[in-house]
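Just so it is clear, none of the values below were taken in a lab; they were calculated from the coordinates. If you're wondering where the values come from, they're calculated on a predicted model, not measured in any experiment. In this analysis, Cβ positions are derived from the backbone assuming ideal geometry, glycine residues included, and neighbour counts consider all displayed protein chains.
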Amino acid sequence: MRIAVSSDMDEPPARQLVDDLRRRGHTVEVFGALRDGDRADWAWSAEAAARAVAHGAADQAVVCCWTGAGASMAANKVPGVRAALCADAYAARGARVWSDANALALSLRTLSGGLLAEILDAWFAAGAEQDRDAEDRANIAHLDAIGSTAPATGQTATTEHATAAGTPAGSASERA
Ligand SMILES: O=C(CO)[C@H](O)[C@H](O)COP(=O)(O)O
């Protein structure tokens, strides 16, 4: 897989992440503090990695900062990117199976060597289960399409919004 990796800090866990991904056979492109001359702030670096996914230059992203919070927020601002901040293997598996996450956000503060390997094992072993949570995933896609100006998903979608972006699966108007 082609993986875009970002970090706002050139810390050992971030380097270890890149090495581990390459050992697993992935092609890695780095952003932020891991790349000479790149901007290293967490919002920009995570957004750059997320954009690589949105533009099709990468299949997935792994975005890092000290807590993982800022990196996940920035990545999730890029339409089409579903970033999940995962503190353990259970969260990583769930993010793939239920949420079809395409970006893994990690906290550099908490990553020991063993934990990183467990999270990556779980992340790459799992894929979205088509028959579970499909409605939720459709609503996330709908949110991407409509932005924040339309009624919340689950509320009655107006004709205007339904026409512009498609009616969200399971919305009140669809169930009516
Ligand atoms: O975890 C983070 C954001 O969620 C950052 O890594 C943390 O805030 C440190 O950034 P800086 O050194 O620029 O203050």
Placed amide H near residue 5: partners under 5 Å, 5+ positions off or other chain: 29, 30, 31, 62
Selection from 33, 91, 130 lying farthest towards where the dipole of the range 14-147 points positive, charges on Cβ: 33
